[in-house]
Amino acid sequence: NADIAMYRAKEEGRNNFQFFTSEMNELVSRKSKISMSIRKGLELGEFTVHYQPQIDITSEKIIGVEALVRWNHSLLGPISPAEFIPIAEENSMILQIGEYVLHTACQQNKSWQDAGLDPFRVAVNISAKQFSQGNIAEIVTSALYQSGLAPEFLELELTESIIQGTASAISKMQELKAMGIHLSIDDFGTGYSSLSYLKMFPIDTLKIDQHFTRNIHSNPKDAALVDTIIQMAHNLELNVIAEGVETLEQLAFLKTKKCNQAQGYFFHKPMLPEMIEELYVKA
Ligand code: C2E
Ligand code: MG
Ligand code: MG
Ligand code: MG
């Protein structure tokens, strides 16, 4: 009967609505819980930095490590940077997180050198807000000064979105470059910027985004893009590193295309600093 059908529809509608709102609430509150607890998390030492080796494809030696922030939240457990970095960008806590990672990475690299490891570079991710708002050259100078690390052993990973064309971005990059710091473009090929920035900006390295690497053997177009990026990097006299290398087949492809370096689970996952030392002892 029509009334009963109408009643059911209303009930269902209400339930759907309630379900929807409680789900929304949960999402909103997870996001705001994260947002509100970053400062405290930093104070309590819940943030740490892991390091993922970068490998020279010809010699298979470690030529650098990428610093990747980790957060083990007291209530929520481990939270991925893919989740909390965008939130930290929104509420500007990225500035504090960024300084923490930069200082930690520089100090860590200096301790590795002091412990007698062959010197290599540490690469630190710099987010858009950190680059545009903070005085990045001053922050970097202070991290180098306090740690005693030489600038040639620090690399900053910038994304295409950061450097999109503004004159102030170019002059900031030139300032960093003049200090002797290496600059790379992270997630290369996923931004929307024009290629002409490659000739204007003082960068050293292109990092091929892991999405392209992942599909080398499943999508011929991704393989063609990887090939093209490598050749272009060589023609522009830039170093090139492939991210997200997981298989021997991917590595073999990169080798035939003369890609310089690789980073990915095939070699090593991001790890605690002590594990980096162990790798060296074994090597
Ligand atoms: P990213 O800078 O492109 O870093 C590479 C990401 O790929 C890392 O994820 C790394 O753990 C992961 N990865 C490495 N090799 C492989 C592989 O073979 N397969 C797969 N599937 N993944 C691999 P993670 O650590 O979760 O970081 C995600 C993103 O969060 C980073 O992407 C970066 O954009 C951001 N991030 C991480 N740490 C920081 C930081 O200290 N500051 C800023 N601003 N952003 C950070
Ligand atoms: Mg990176
Ligand atoms: Mg990347
Ligand atoms: Mg990224």
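Data overview
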item	result
Virtual paramagnetic centre 7 Å along Cα→Cβ of K258, amide N under 17 Å, in the stretch 222-238	226-238
Amide H contacts of T159 (H built 1.01 Å from N, under 5 Å, at least 5 apart or other chain)	D186
Bridge type composition, the chain - antiparallel percent by DSSP, nearest 5	40
Rounded accessible area of K255 (nearest 10 Å², 1.4 Å probe)	100
Computed accessible area, F267, all protein chains, 1.4 angstrom probe, square angstrom	40
Extreme residue, positive dipole direction of the chain, given options L117, P270, H211 (C-beta unit charges)	H211
Cα long-axis angle, helix 273-282 against the chain (0 to 90 degrees, to the nearest 10)	40
Separation in nanometres of the label points that stand 7 Å from Cα toward Cβ, at E83 and E138	3.5
Rounded accessible area of T58 (nearest 10 Å², 1.4 Å probe)	130
N72/T247 FRET efficiency (R0 30 Å; Cβ-Cβ; nearest 0.05)	0.50
Using alpha-carbon coordinates, inclination of helix 81-90 to the longest axis of the chain, degrees	80
Between the stretch 71-100 and the stretch 162-194, the Cα center-to-center distance that results, in Å	23
Label point at Q146 placed 7 Å out along Cα→Cβ; residues across the stretch 94-124 whose backbone nitrogen lies under 12 Å	96-108
Charge dipole (debye, nearest 20) of the chain; +1 at Cβ of Lys and Arg, -1 at Cβ of Asp and Glu	320
Probe 1.4 Å, protein heavy atoms only - accessible area per residue of the stretch 20-116 in square angstrom	51
The chain: angle of helix 94-114 to the longest principal axis, Cα-based, in degrees nearest 10	40
Debye log10 I(q)/I(0) at q = 0.08, 0.12, 0.17 Å⁻¹ for the chain, Cα point scatterers	-0.40, -0.81, -1.46
Listed residue pairs exceeding 30 Å between alpha carbons, taken from K31/K110; K221/K269; K110/K207	K31/K110
Stretch in the chain that is longest and holds no GluC sites (Glu not before Pro) that DSSP places in a loop and that have at most 14 other beta carbons within 10 Å	61-236
Under 15 Å, Cβ to Cβ, from R121 - net charge with Lys/Arg +1 and Asp/Glu -1	-4
Protein accessible area in the chain, 1.4 Å probe - carbon and sulfur %	55
Contour minus Cα-Cα distance for E23 and S168 (0.36 nm per residue)	48.0 nm
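The values are calculated or read from the model by the stated rules, or taken from the named source; none is laboratory data. As the structure is a computational prediction, the values presented were derived from the model and not from experiment. Cβ coordinates were reconstructed from backbone atoms using ideal geometry, including for glycine residues, and neighbour counts include every protein chain displayed. For the accessible areas, the whole protein counts, side chains as well, though only heavy atoms, and no ligand, DNA or RNA atoms are used. Shrake-Rupley method; radii C 1.70, N 1.55, O 1.52, S 1.80 Å.
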